[in-house]
Amino acid sequence: MSEQKKDLFEGGLEQYSTFDVLVDNLLIFLWIFTGGYVCWLFMPVIGWIYLGFGLIMVLGILRVIVCQNCYYHGKKCHSAWGKLSAMYCRQGDYYKFGAGIIGPVILTFWGSMALVPLILGVISIIQNFSLFKIVMMVTFFIIVLLSAVILRKNTCSKCKMKYLCPGSASK
Ligand code: SF4
């Protein structure tokens, strides 16, 4: 019997609430700025590179290569970035969402945005111990956990793309 073609989650939200959007954006930008600061404590230039790379990817490149083929392109999704994407490009085909190299690119990007500050933070503490650095690392870790795990499970459970998205936390 042939595998059933994956399709949209009909029970998914047409658009997310403003509260969802604000919380999602707040956590993502806290992630990028605290991650940048933890890297900055290790070496200022790396902190600026992390911050710049993170903002260019999140506000630019990912909105084109990822959101173009999303059902929420032009719509108020969990982050409202679908609307940002519509400023850059036209809607593509959501059956092609995350296809080919895009899925691994997303995973590698967010994985490195989480791991790089954690690794550099540990090295920085070993090199020059300070309680403040530990507080910053713990803060960063909690923000990543909230954004990438706890909040994401809830967001994905209401998403129309959850069956088509390779990174969905709710199947
Ligand atoms: S839900 Fe879709 S439009 Fe919104 S950020 Fe994710 S991929 Fe982009």
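The values are calculated or read from the model by the stated rules, or taken from the named source; none is laboratory data. Just so we're clear, the structure is a prediction, and the values are computed from it rather than from any experiment. Neighbour counts are summed over all protein chains in view; Cβ atoms, including those assigned to glycine, are modelled from backbone coordinates with ideal geometry. Calculation scope for accessible area: heavy atoms of the full protein, side chains included, ligands and nucleic acids excluded. Shrake-Rupley method; radii C 1.70, N 1.55, O 1.52, S 1.80 Å.
Condition test on TYR72, is it open to solvent by 40 Å² or more (accessible area, probe 1.4 Å), among the hydroxyl-bearing types (Ser, Thr, Tyr) and touching a residue at least 24 places away in the same chain (Cβ under 8 Å)? So TYR72 does not fit the description; no. For region 86-132, name all the residues that are open to solvent by 60 Å² or more (accessible area, probe 1.4 Å) and of a type in the set (Gly, Ala, Ser). Residue satisfying the conditions is GLY100 alone.
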